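Below is one structure, written out as structure tokens, with a few remarks after it.
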Amino acid sequence: MAQGTQMVVIHAENVRTDYARVLRVEPVYETLRATRMEHHCEAPGGDGEGKGLSRVVGAVKDALTPSKEEPVVTKDGQECRLVPVEREFKRKIGYDVDYVYKGSKYRSRLDRDPGRRLRIRVSVTPNMPGSGR
């Protein structure tokens, strides 16, 4: 090698792919809540006690969440008003996957169910004393 010429060392990446055995797959859900306004109607008359209880519950509800809208009376005498109704929806956001590779167990959150085998990336890097790693 000529004087003044430096040798460049290119490190090859020590990476390969292999397969791990899947032990368990558990779907992960996110719970979403939504409120929408729906018409709630009460039949005229009623059954006495249920009607009375319904009125008490309605009065308490009105006191806690006062409505600016007056009830609408339909042709058949029902009293209807808009009330907020809460709904819950569950949406799948991924899968917690437990798997084993060469005797060691691991867990990862993946975007889909991998089946019985999981393709993995295996990387080997020397851990030399004093190298800062």
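The one condition from (1) modelled with pLDDT of 65 or more; (2) surrounded by fewer than 10 Cβ atoms within 10 Å (Cβ to Cβ); (3) farther than 22 Å from Val15 by Cβ that Glu79 does not meet is (2).
No other residue among Arg91, Arg107, Arg119 is outside any loop (DSSP other than H, G, I, E, B) and without any contact (Cβ under 8 Å) to a residue 24 or more places away in the chain apart from Arg107.
Which members of the stretch 83-121 meet the condition of being among the hydrophobic types (A, V, I, L, M, F, W, C), open to solvent by 50 Å² or more (accessible area, probe 1.4 Å) and out of contact with any Phe, Trp or Tyr (no Cβ under 8 Å at 6 or more places or on another chain)? Don't jump to the end; show me each part of the working.
The first filter runs over the stretch 83-121 and keeps only residues among the hydrophobic types (A, V, I, L, M, F, W, C), leaving 83, 85, 89, 93, 97, 100, 110, 118, 120.
Add one more test, that the residue is open to solvent by 50 Å² or more (accessible area, probe 1.4 Å), and what stays is 89, 93.
Matches in the stretch 83-121: Phe89 only.
The numbered conditions (1) open to solvent by 80 Å² or more (accessible area, probe 1.4 Å); (2) at pLDDT 85 or above are all true for Leu53 except (2).
Residues of the stretch 1-36 that are open to solvent by less than 100 Å² (accessible area, probe 1.4 Å), at pLDDT 75 or above and more than 20 Å from Val124 (Cα to Cα): Val22, Leu23, Arg24, Val25, Glu26, Pro27, Val28, Glu30, Thr31, Leu32, Ala34, Thr35.
The values are calculated or read from the model by the stated rules, or taken from the named source; none is laboratory data. Quick caveat: nothing in here was measured; it's all calculated off a predicted structure. Heads up, the Cβs are rebuilt from the backbone with ideal geometry, glycines too, and the neighbour counts pull from every protein chain shown. Please note that ligands, DNA and RNA were not included when accessible areas were found on the heavy atoms of the full protein model with its side chains. Shrake-Rupley method; radii C 1.70, N 1.55, O 1.52, S 1.80 Å.
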